[in-house]
Amino acid sequence: MLLFPSFSAWCAETAIVGIVLNEENKGEFFVNLTGSGDFLVRSEDLRAIGFRELAGDVTLVDGEPYVSLRSIGGVTFAFDEKTLTLRVTAPPALLPRRTIDFTPQRQPKVHYPRDAGGFLNYGINYTAGPSFELQSFDVTNTAGARAGDFLLLSDSTFRKTPGEGSFTRLLSSLTHDRRQDLQRAVAGDFFASSGDLGNSVNLGGISMSKVFRIDPYFIRYPLADFSGLAAFPSDVEVYLDGNRIRTEKISPGEFQLRNLSSYDGAGVVTVVIKDPFGRERRIAYPYYFTETLLRKGLHEYSYNAGVLRREFGSRSNVYGGPAFSAFHRYGVDESLTLGLRGEGDRDGVNAGPTATFRGGLPGVTIASLAGSLAKGGRGGAAALLNHVYQDRGFSTRVSLRAFSREYAIAGSETRERTWYEAGAGAGYGTREFGFLSFNADVTKKYTGADRRTASLSYSRNLTRRTSVLLTYRNIREAASADEIFLGVTYYPWLDYSASASYQRSGGTDTERIQVQKNQPVGEGIGFRGAIERKDSAAVHSTLVNPFLQYNGRYGICSAEYLGEYGDAGRDRETYRLSASGGMAYVGETLGFSRPIQDSFGLVTVGRLEGVRVYRNNQEIGRTDAKGKVFVPDLGSYYENQISVGDRDIPIDYSLSEVTRYVSPPLRSGSVIPFEVRKIQAVTGTLHVQSGGKVSPAESYEVKMQVGEKEIAFPTGKGGELYLENVPPGTYRAVVEIPANPCSFDLTVPETDEMIVDLGRVICESGR
């Protein structure tokens with residue numbers, strides 16, 4: 001590499017040429033043509049043209065570095081003297097790298113509320129028999145309150161039967177979410193699980209977990225990255241399993257496809273590169289996506305400790321001895337996730353490693369080992385091995401889970417112990433053929449009855465609106481039994497369905513017909529009606545089951561009848577009436593709504609009544625006389641689209657925006673304001689009085705102080721003035737007249753008129 005003026009540089013001829021790099025026009029540049037036919041190009045210009053690497057001889061010309069094209073490895077060039085065009089061809093590795101990112105785009109403007117508020121859900125269920133005599137009366141409730149990042153929750157039930165009544169507290173907890181770190185801490189009652197070689201335990205204590213669903217758009221599993229080279233400016237088409245998902249125009253050089261994702265299973269990413277000469281090149285990249293692996297460097301964990309909750313659901317405050325449950329997983333790389341898990345109580349503990357890996361066999365394998373130590377020094381062991389493979393049309397599974405007789409499980413109150421559970425299955429399906437699957441499972445126990453099942457299922461969409469399902473299952477437990485099920489479902493319209501089925505099990509034939517309308521998201525009616533007949537050697541009965549539900553603005557009401565008619569003396573009738581709703585407080589507003597299952601919002605549209613409000617384009621309700629409406633079903637941490645019907649806004653009002661995206665915390669209340677302004681024009685004519693003479697103030701700028709903001713507006717022909725949306729009041733204004741400025745008071749009266757005419761306004765010079 002030369003770093004000093006060379007003889008060739010002294011003899012070079014300077015020219016302005018057009019440069020074409022790999023068939024892409026880059027514009028005109030100054031170059032030096034040497035006597036040997038080489039071209040010297042400024043380093044800065046080469047970078048501007050698109051060279052990423054400048055691996056050539058550098059020559060100083062007038063103190064600036066120039067690079068010899070001939071000295072750059074792999075570069076060729078040709079000069080057209082007639083058109084003064086320098087055509088350069090360079091290896092793609094020397095040119096810029098283009099990155100095409102497939103990460104789903106987030107909304108650019110999202111509101112993250114932190115309002116304090118609370119809610120109370122209630123449900124009342126009355127169940128009666130013939131003549132409406134009481135069978136049971138149930139009241140359920142869930143109360144929640146949030147302040148900042150803290151959420152307090154508690155729920156309970158009350159049940160009254162002819163013989164007794166009881167009140168039961170269920171779960172009570174205080175939750176703190178650290179949204180930026182995806183961490184959740186819980187103090188109180190909660191369920192915890194350490195994994196498949198452990199138990200799900202109900203604890204009263206404390207919990208610390210990594211919860212990825214705090215950001216539902218965060219992708220925790222490995223994504224696919226691919227790269228390639230384009231020698232010329234090209235059109236690139238990207239196909240995922242045969243479906244085109246992206247088309248891009250790229251310049252010559254290296255390109256990268258980053259963060260590709262799909263459903264679980266194997267497939268192929270195909271990249272089609274079309275150059276300017278009509279040539280087409282296809283590159284296929286196989287992949288296997290799975291959500292069971294963690295991305296490299298990610299941690300997932302849950303640490304839980306407290307005391308065991310006993311008799312949950314039947315008694316309120318029965319706690320046992322101390323217990324813990326924990327797991328921790330780490331993404332070692334894109335194909336391997338390792339972890340540790342364990343749990344224990346005062347009767348014993350168990351712990352062991354886990355591994356999830358993709359490699360060797362196609363698909364994903366999960367392996368886990370555990371050892372245990374029970375009271376009295378009794379040792380035990382357990383193991384798990386699962387393998388799953390799936391592609392677009394074929395899937396397999398193999399699973400084995402085994403326990404020694406003395407293996408200790410936290411919180412276990414059953415004496416029935418399982419020796420091992422094993423299963424295998426395979427499935428194949430296409431849109432044209434349908435889906436066929438076979439599964440076989442066996443459970444072997446130390447005590448109790450063993451169980452073996454084998455099933456064969458087939459499903460297919462007969463038409464766009466009709467589907468069929470056929471299942472055969474053989475069960476071997478204390479005795480052997482065969483089950484057959486055939487069902488057909490038809491969807492005549494959106495939210496409507498009709499189905500018919502036949503089932504034979506244990507010598508009993510069951511025929512069922514059902515029609516259904518799904519419940520609306522907002523206000524409206526849903527229903528279900530079913531008729532079922534059962535025939536066997538011992539029973540002949542007909543079941544009639546109509547159900548009706550109305551979603552109102554302030555609650556949900558439903559009614560159900562269950563009538564079973566059979567042999568003499570076996571008729572049974574049951575009536576169920578239910579009512580449920582919610583009360584919520586946020587933004588100094590107490591409101592009533594349907595039950596609040598997740599988060600809720602208070603939408604305000606000024607004080608306009610009757611404005612329709614939508615969540616994700618589905619109507620929720622209309623604003624009341626105060627311009628407010630409760631939205632009882634916002635998704636926590638999701639970007640909920642809230643919009644208002646702009647056609648419901650009176651013509652003399654304007655909206656700053658008609659759609660907002662709101663991402664609330666867990667089970668929170670949020671104020672979602674839509675600012676509306678009444679459109680009111682202020683007109684008049686401005687005249688200047690000077691020396692007893694009054695003349696129109698034409699084409700001058702007027703400055704006026706409105707609150708803390710200074711506004712400026714021009715005057716028109718004849719001194720005409722025009723302002724919009726100035727609140728009622730008196731404002732000091734100044735007219736910028738050269739060498740003779742004047743000032744005046746502009747008074748806007750309080751009125752509902754769209755146009756306020758102030759008439760003639762006088763500005764006295766020198767005032």
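The values are calculated or read from the model by the stated rules, or taken from the named source; none is laboratory data. The structure displayed is predicted, hence computed values, not measured ones. Neighbour counts run over all protein chains shown; Cβ positions are idealised from the backbone, glycine included. Note: accessible area is taken over every heavy atom of the protein model, side chains too, but ligands, DNA and RNA are not part of it. Shrake-Rupley method; radii C 1.70, N 1.55, O 1.52, S 1.80 Å.
In this label model, E764 and L400 are separated by 10.5 nm, measuring between points 7 Å along each Cα→Cβ vector.
Taking trypsin sites (Lys or Arg not before Pro) across the range 259-289, the ones in a DSSP loop with at most 15 further Cβ atoms lying within 10 angstrom of their Cβ are R279.
By DSSP, the beta bridges lying fully in the chain are antiparallel in about 95 percent of cases. Close amide H contacts of R310 (hydrogens built in the peptide plane, cut-off under 5 Å, sequence separation of 5 or more or a different chain): V318, Y319, G320.
Mind scanning K210/K628; K109/K678; K109/K274 and naming the pairs with a C-alpha gap bigger than 31 Å?
Details: K210/K628 37 Å; K109/K678 25 Å; K109/K274 37 Å.
From the list (K210/K628; K109/K678; K109/K274), the Cα-Cα distance tops 31 Å for K210/K628; K109/K274.
Rolling a 1.4 Å probe across all protein chains gives E53 an accessible area of roughly 90 Å².
For K82, the lysines whose Cα falls under 22 Å of its own Cα, not counting residues fewer than eight places away in the same chain, are K26.
Given their separation in residues at 0.36 nm each and the Cα-Cα distance between them, E724 and T659 gain 21.0 nm when the chain is fully extended.
Rounded, prolate or oblate: which fits the range 582-622, taking a ≥ b ≥ c as square roots of the Cα gyration tensor eigenvalues, rounded meaning a/c under 1.5, else prolate when a/b beats b/c?
Working: a/c = 2.01, a/b = 1.16, b/c = 1.74.
The shape class here is oblate.
Give me the net charge of D149's neighbourhood, meaning all other residues with Cβ under 13 Å from the Cβ of D149; Lys, Arg count +1, Asp, Glu -1. Walk me through the numbers on the way to the answer.
On the way: positive: R114, R146, R178, R179, R184, R667; negative: D115, D177, D181.
Spelling it out: positives minus negatives among the neighbours equals +3.
Near the amide H of N22, within less than 5 Å, lie the amide hydrogens of V88, T89, A90, all on another chain or at least 5 residues away, with H placed in the peptide plane. Spin-label pair S71-L562: with each label point 7 Å from Cα along the Cα-Cβ axis, the two points sit 9.0 nm from one another.
In terms of the Cα gyration tensor, with a ≥ b ≥ c the square roots of its eigenvalues, is the range 153-209 rounded because a/c is under 1.5, prolate because a/b exceeds b/c, or oblate? Before the final figure, lay out each step's value.
Values: a/c = 3.96, a/b = 1.83, b/c = 2.16.
Oblate shape, in that a/c is at least 1.5 and b/c is the bigger or equal ratio.
Spin-label model, D264 to S166: label points 7 Å out along the Cα-to-beta-carbon direction sit 3.8 nm apart. The order of E477, E24 by accessible area, most exposed first and with a 1.4 Å probe, is E477, E24. Highest average first, the peptides 519-532, 317-330, 126-139 ordered by how many other beta carbon atoms sit within 10 Å of their residues are 317-330, 519-532, 126-139.
Along the axis of the charge dipole computed for the chain (Cβ charges of +1 for Lys and Arg, -1 for Asp and Glu, origin at the Cα centre), the listed residues L197, F150, A712 are led at the positive end by L197. Using θ = phi - 60° in the Karplus curve 6.51 cos²θ - 1.76 cosθ + 1.60, the 3J(HN,Hα) couplings for the range 103-113 round to 4, x, 6, 8, 5, x, 10, 10, 8, 10, x Hz; x is entered for Gly and Pro. Here the accessible area is traced with a 1.4 Å probe on the protein chains. For the chain, carbon and sulfur cover 54 percent of it.
Of I214, I283, I245, the residue with the largest accessible area leads and the full order is I245, I283, I214 (1.4 Å probe).
Would you mind working out the accessible area per residue for the chain, using a 1.4 Å probe, and quoting it in Å²?
Numbers: 40820 Å² over 767 residues.
That works out to 53 Å² for each residue.
Remark: relative contact order (the range 439-556) = 14 percent; criterion is Cα-Cα distance under 8 angstrom and separation of 6 or more residues. Computed from Cα atoms alone, the Kirkwood hydrodynamic radius reported for the chain is 34.6 Å. A 1.4 Å probe over all protein chains sorts F51, F485, F191 by accessible area into F191, F485, F51, starting with the largest.
If R0 equals 22 Å, the separation of the Cβ atoms of R576 and E523 corresponds to a calculated FRET efficiency of about 0.50. Could you list the GluC sites (Glu not before Pro) in the range 387-468 that lie in coil according to DSSP, counting only those with at most 10 other Cβ atoms within 10 Å of their Cβ? Hits after loop and neighbour filter: E413, E416, E432.
Working note: Karplus 6.51/-1.76/1.60 with θ = phi - 60° gives the range 632-644 the couplings x, 9, 8, x, 4, 6, 7, 8, 6, 8, 10, 9, 10 Hz, where Gly and Pro are set to x.
Applied to the range 727-737, the Karplus parametrisation 6.51 cos²θ - 1.76 cosθ + 1.60 on θ = phi - 60° returns per-residue 3J(HN,Hα) values of x, x, x, 10, 10, 7, 10, 10, 9, 7, 9 Hz, with x for Gly and Pro.
Based on C-alpha pairs under 8 angstrom that are at least 6 apart in sequence, the range 187-257 has a relative contact order of 23 percent. At full extension, I219 and F312 could sit 30.0 nm farther apart than now, given 0.36 nm per residue minus the alpha carbon distance. Look at the alpha carbon pairs under 8 Å that are at least 6 residues apart: their mean separation over the length of the chain gives a relative contact order of 8 percent. Given R0 = 56 Å, the distance between the Cβ atoms of T85 and D149 translates into a calculated FRET efficiency of 0.30.
Shown here for the range 380-411: trypsin sites (Lys or Arg not before Pro) in loop regions (DSSP other than H, G, I, E, B) with at most 12 other Cβ atoms within 10 Å, namely R405. Between amide H atoms placed 1.01 Å from N, distances below 5 Å from R98 occur with E254, F255, Q256, all of them 5 or more places distant or on a separate chain.
Near G265, once Lys and Arg are set to +1 and Asp and Glu to -1 for all other residues with Cβ below 10 Å from its Cβ, the sum equals -2. The local environment of T34, defined by Cβ-Cβ distances under 10 Å, has a net charge of -1 under the rule Lys, Arg +1 and Asp, Glu -1. Over all projection directions, the Cα-based convex hull of the range 20-105 averages an area of 7.3 nm².
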